[in-house]
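A quick write-up on the structure given underneath.
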Amino acid sequence: MKYIDSFRDNRLAQKLAAAIRQEVQGARPAGQPFRFMEFCGGHTHAIFRFGLPDLLPPEIKMIHGPGCPVCVLPMAKIDAAIGLAQRYPLTLCTYGDMMRVPGGQRLSLLKAKAAGADVRMVLSPHDALMLAKDNPEREVVFFAIGFETTTPPTAVIVKQAQALGLKNFSVFCNHVLTPPALKWLLDASGSGEDGVPPLDGFVGPSHVSAIIGTRPYEIAATGYGKPVVITGFEPLDVLQAILMLVRQVKAGRAVVENEYARAVTAEGNVKAQALMAEVFDFRDTFEWRGLGWIPHSALKLKDVYAAFDAEKRFALEPSAAKENPACQCPAILRGAKSPEECKLFGTVCTPENPIGACMVSSEGGCAAWYSYGRRKKS
Amino acid sequence: MTNRFERSLDIKNGRVDMTHGSGGRAMAQLIDQLFAKAFDNPALAEGNDQARLAIPAAGRLAFSTDSYVISPLFFAGGNIGSLAVHGTVNDVALSGAKPLWLSAGFILEEGFPLADLECIVTSMAKAAQDCGVQIVTGDTKVVEKGKADGVFINTAGVGLIEAGVDLSVHNIRAGDAIIISGTLGDHGVAVMAQREGLVFDEPVLSDSAGLNGLIEAMLASGVTLHALRDPTRGGLATSLNEMAQAAGVGMRLDEAAIPVRAAVRGVCEILGLDPLYIANEGKLIAFCPAQQAGKLLAVMRGHVHGHEAAIIGEVVEDDHAFVEMTTTLGGHRMVDWLAGEQLPRIC
Ligand code: SF4
């Protein structure tokens, strides 16, 4: 695995860290650090897993964004999925990390499974499709979640289900889109009127960008004057991106740079985009856990695929799920607060018993801080 | 054994049916022609409902039990049978005991092919022989199709701890070295790969192995061994957290020193897993005073099950009992308890 190792070289990391330290020295008055957000949970995870905060100078403050698919899914949707699995004689398939997340009644798909619902973990949507094909007497629903990376595979199975003429397969579509959320964050962080200094730039998604390309981020640079550096999930990628962001800010530039050219192009994966456009429509609006309702930020199946749309085939129960008012995720996701400023952090809210969006997966800011970083403060 | 049965067991094409657990002739035949034949030893041959055993020397007994429900039953590097022997032998041996006897309880699912059962039983017999233990008593139950998953096995083991041997988590002290006997994550990844149909250039084999030989060599080395533990379910991270908590100490690891096979790392990258949390079935963690660690390491490396052993960290004073790690990049992070995402039915 030489390939991996070359992105985790200690000496290179130290060199990059030294370069960052040099760049930030004296660049800003004390107490006014550069504030960069990494949008993706994958980056958050890499930052903590490799202990990058130790390598970064105090002049750099990383804010952990909402880019974790299971984190941003509202509890109402989890309740809807649990309701499907409990009220209908069907098999509900989903990704493993979705199964642990508690919904409104503190019930998760894992617990519903233990109580008798037929819930199965799949590694890919294709597994769900095959289950339906091999068991024509069994109704199978794929609980689809995720950003643009997991969307094309869902589009593929919908088309395949149609080609196979399956009558027992549908998708509960909860795919969300990165650019609208990024725009929301830019709007929310821009003014500084709540005493929270605005963000200085973004570490942009890697895998998502491989699909959508770099163009959708231009608005951050041109419309809001914020630099974006798209980068990979390897720790050296992240350090390099931070260095590039500092250099842009210092030079008064704001452009979209692509550190991840080994996988990302300006256009992205045109085929995958076409596939998504063929199968999905925008939703008018969609609720993001921790952020709220964001217009045109999620996808639903097109009417021509209604036969495979679980929302049309089954009556989904409305959920009365409410977020715990003490949860500070909305503030944390905007960079206004850090996890330890939440009263529930580490006491009521832990990875075993997550209360808010930022704790439900190891990619969430609170969970990463709890599992990898809390030593510092205790 | 003379043939008491009119027709011998059709192992090639036969399947387990309900009569094999009924207590009647079919069950007696299965026991005779499969289990007793494979496990053959004097205590078993007596044919009593219990094994009668002479304790060979003075000392304390170590006694342990474990149930095996792994899926798939056969995986690269072993099967449920060899695993059921190695796992319990190791649980006994990690106390410093010499494992002597095992029991074996089988829960068979109706319809399970006898050929597969024979293969499993043969591996158990071979594993027991390799470890120098005897399977001296057993039990067989059959449940209806759909009520089990092929075969489940329970083994219990008894071993003898010689006078003067005292391994316990409570012996661990600040200043101890933490040594691992080899690469991490091989078992979990081998099983996972099998389940998901992942193919590698170089197959990842389960590390399932009896460690009593290695432990015997370590005890004989004269080094002051403080404690041993096998990082099975939950992996190294879970074992170290349990031990840190029990001993009231902290642990500091050096990521660069922790041996992980390249293929295992690759799979972990793809599946989003951390090798520190993945199950091992043929590895142990050893604690000894740092000054003696070099000597212990040399002894371990001289053994077939310890040739990739490495010193991976040290025990420190820490009221929080935190396990922390210096990452390969020179940063620091906690190595916390596992939260959720485990690989199910890995042993
Ligand atoms: S610690 Fe829990 S409750 Fe507090 S902000 Fe984070 S996720 Fe919300």
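The values are calculated or read from the model by the stated rules, or taken from the named source; none is laboratory data. What you are looking at is a predicted structure, and each value in this text was computed from that prediction instead of being measured. Quick reminder, even Gly has a Cβ in these numbers, built from the backbone with ideal geometry, and neighbours come from all protein chains shown. Accessible surface is based on the protein model in full, side chains and every heavy atom, while ligands, DNA and RNA are left aside. Shrake-Rupley method; radii C 1.70, N 1.55, O 1.52, S 1.80 Å.
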**Prompt:** Could you give the nm distance between label points at B:ILE55 and A:GLN32, where each point is 7 Å from its Cα heading toward the beta carbon?
**Reply:** 7.8 nm
**Message:** Would chain A count as rounded, prolate or oblate if I go by the C-alpha gyration tensor, calling it rounded below 1.5 in a/c and otherwise prolate when a/b exceeds b/c, oblate otherwise?
**Reply:** prolate
**Complete:** Karplus-derived 3J(HN,Hα) from phi for the range A:281-294 (6.51 cos²θ - 1.76 cosθ + 1.60, θ = phi - 60°), whole Hz, x at Gly and Pro, runs 10, 6, 7, 4, 7, 8, 8, 9, 4, x, 10, x, 7, 10
**Fill in**
Per residue, accessible area of the range B:169-334 with a 1.4 Å probe, heavy atoms of protein chains only, in Å², comes to 36 Å²
**Item:** Rounded to the nearest 20 debye, dipole of the range B:67-130 from Cβ charges on Lys, Arg, Asp, Glu
**Value:** 280 debye
**Prompt:** Which FRET efficiency value, to the nearest 0.05, do you get for B:ALA257 and B:ASP149 by plugging their Cβ-Cβ distance into 1/(1 + (r/R0)^6) with R0 = 35 Å?
**Reply:** 0.35
**Asked** How much accessible surface area, in Å² rounded to 10, belongs to the heavy atoms of B:HIS170 with a 1.4 Å probe?
**Response** 120 Å²
**Asked** Once the Cα gyration tensor of the range A:73-164 is found, what semi-axes does its equivalent ellipsoid get, as square roots of 5 times the eigenvalues, in whole Å, sorted largest first?
**Response** 22, 16, 10
**Prompt:** So for the pair A:PHE282, A:ALA114, with labels modelled 7 Å out along Cα→Cβ, what separation do we get in nm?
**Reply:** 4.2 nm
**Item:** Contact surface B-A: accessible area buried, both sides summed, square angstrom, 1.4 angstrom probe
**Value:** 2400 Å²
**Fill in**
Taking the reciprocal of mean 1/r across every pair of different Cα atoms in the range A:280-357, the Kirkwood radius in Å is 15.1 Å
**Asked** Pick from B:PRO56, B:PRO99, B:PRO259: which residue has the top mean-square fluctuation in a GNM of chain B where Cα pairs under 10 Å get a spring?
**Response** B:PRO56
**Request:** Report ³J(HN,Hα) in whole Hz for each residue of the range B:140-154, in order, from the Karplus equation J = 6.51 cos²θ - 1.76 cosθ + 1.60 where θ = phi - 60°; Gly and Pro get x.
**Result:** 10, 10, 10, 10, 4, 3, x, 9, 8, 10, x, 8, 10, 10, 10
**Prompt:** Can you give the charge dipole size of the protein assembly as shown about its Cα centre, rounded to the nearest 20 debye, using +1 on the beta carbon of Lys and Arg and -1 on the beta carbon of Asp and Glu?
**Reply:** 940 debye
**Above-threshold pairs, the threshold being 21 Å between Cα atoms, out of A:LYS113/B:LYS141; A:LYS111/A:LYS322; A:LYS133/A:LYS300; A:LYS183/A:LYS312** = A:LYS113/B:LYS141; A:LYS133/A:LYS300; A:LYS183/A:LYS312
**Request:** Count the net charge of all other residues whose Cβ sits under 11 Å from the Cβ of A:LEU245, scoring Lys and Arg as +1 and Asp and Glu as -1.
**Result:** 0
**Asked** Which values, in whole Å and largest first, are the semi-axes of the equivalent ellipsoid of the range A:329-372 obtained as the square root of 5 times each eigenvalue of the Cα gyration tensor?
**Response** 14, 11, 9
**Request:** Might you report the magnitude of the Cβ-based charge dipole of the range B:161-230 about its Cα centre, with Lys and Arg at +1 and Asp and Glu at -1, to the nearest 20 debye?
**Result:** 220 debye
**Amide H within-cut-off set for B:LEU100, under 5 Å, with H built and near neighbours excluded** = B:VAL158, B:GLY159, B:LEU160
**Asked** Considering only B:VAL323, B:VAL191, B:MET300, whose Cα is most displaced toward the positive end of the charge dipole of the range B:169-334, charges sitting on Cβ of Lys, Arg (+1) and Asp, Glu (-1)?
**Response** B:MET300
**Request:** Write out the GluC sites (Glu not before Pro) in the range A:147-244 meeting two conditions: DSSP loop, and at most 14 other Cβ atoms within 10 Å of their Cβ.
**Result:** A:GLU193
**Request:** With unit charges on the beta carbon (Lys/Arg positive, Asp/Glu negative), name the residue among B:GLY159, B:GLY248, B:PRO275 whose Cα is farthest towards the positive pole of the charge dipole of chain B.
**Result:** B:GLY159
**Request:** As a check on your grasp of the helix formula, calculate [θ] at 222 nm for chain B: sum -39500 (n - 2.57) over DSSP H runs of n ≥ 4, divide by the residue count, round to the nearest 500.
**Result:** -8000 deg cm²/dmol
**Message:** Using amide H atoms built in the peptide plane, which far-off residues or other-chain residues are under 5 Å from A:PHE172 H to H?
**Reply:** A:PHE142, A:PHE143, A:ALA144, A:ALA310
**Prompt:** Label points 7 Å out from Cα along the Cβ direction at A:VAL348 and B:ALA115: separation in nm?
**Reply:** 6.1 nm
**Asked** Amide H to amide H under 5 Å from B:LEU61: which residues, 5+ apart in sequence or cross-chain, H placed 1.01 Å off N in plane?
**Response** B:ILE161
**Asked** What shape does the range B:108-214 have by the C-alpha gyration tensor, where a ≥ b ≥ c are the square roots of the eigenvalues, rounded means a/c under 1.5, and otherwise prolate means a/b greater than b/c and oblate the rest?
**Response** oblate
**Fill in**
Kirkwood Rh for the range B:193-252 from C-alpha pairs, in Å, is 14.7 Å
**Complete:** Rounded to one decimal in Å, the inverse mean reciprocal Cα-Cα distance for the range B:250-330, i.e. its Kirkwood radius, is 14.3 Å
**Message:** Can you give the longest run of chain B that contains no trypsin sites (Lys or Arg not before Pro) sitting in a DSSP loop with at most 10 other Cβ atoms inside 10 Å?
**Reply:** B:148-347
**Message:** Using a Gaussian network model on chain B with a 10 Å cutoff between Cα atoms, which of B:GLU216, B:GLU144, B:GLU281 fluctuates the most?
**Reply:** B:GLU144
**Item:** Solvent-accessible surface (1.4 angstrom probe) belonging to B:ASP166, in square angstrom, nearest 10
**Value:** 90 Å²
**Request:** Take the alpha carbon gyration tensor of the protein assembly as shown, find the square roots of its eigenvalues, order them as a ≥ b ≥ c, and report rounded if a/c is under 1.5; if not, report prolate when a/b exceeds b/c, else oblate.
**Result:** oblate
**Prompt:** How about B:LYS98: which lysines have a C-alpha closer than 16 Å to its C-alpha, ignoring those fewer than 8 places off in the same chain?
**Reply:** none
**Radius 9 Å from Cβ of B:GLY150, net charge of other residues (Lys, Arg +1; Asp, Glu -1)** = -3
**Complete:** For chain A the mean separation of alpha carbon contacts under 8 Å (6+ apart) over residue count, i.e. relative contact order in percent, is 21 percent
**Item:** Under the Karplus curve 6.51 cos²θ - 1.76 cosθ + 1.60, θ = phi - 60°, whole-Hz ³J(HN,Hα) for the range A:169-177, x wherever Gly or Pro sits
**Value:** 10, 8, 10, 9, 7, 10, 5, 10, 10
**Request:** Any chance you could list the semi-axes, whole Å, largest first, of the equivalent ellipsoid that the Cα gyration tensor gives for the range A:217-320, using √(5λ)?
**Result:** 36, 18, 14
**Item:** Charge sum, other residues only, whose C-beta stays under 15 Å from B:LEU53's C-beta, Lys/Arg counted +1 and Asp/Glu -1
**Value:** 0
**Prompt:** Taking a probe of 1.4 angstrom, what is the accessible area of A:VAL208 in Å², to the nearest 10?
**Reply:** 10 Å²
**Request:** Using just the alpha carbons, could you tell me how many Å³ per residue the convex hull of the range B:18-161 encloses?
**Result:** 100 Å³
**Item:** Positive-end extreme of charge dipole, the protein assembly as shown - chosen from B:PHE106, A:GLY225, A:PRO351 (charges on Cβ)
**Value:** A:GLY225
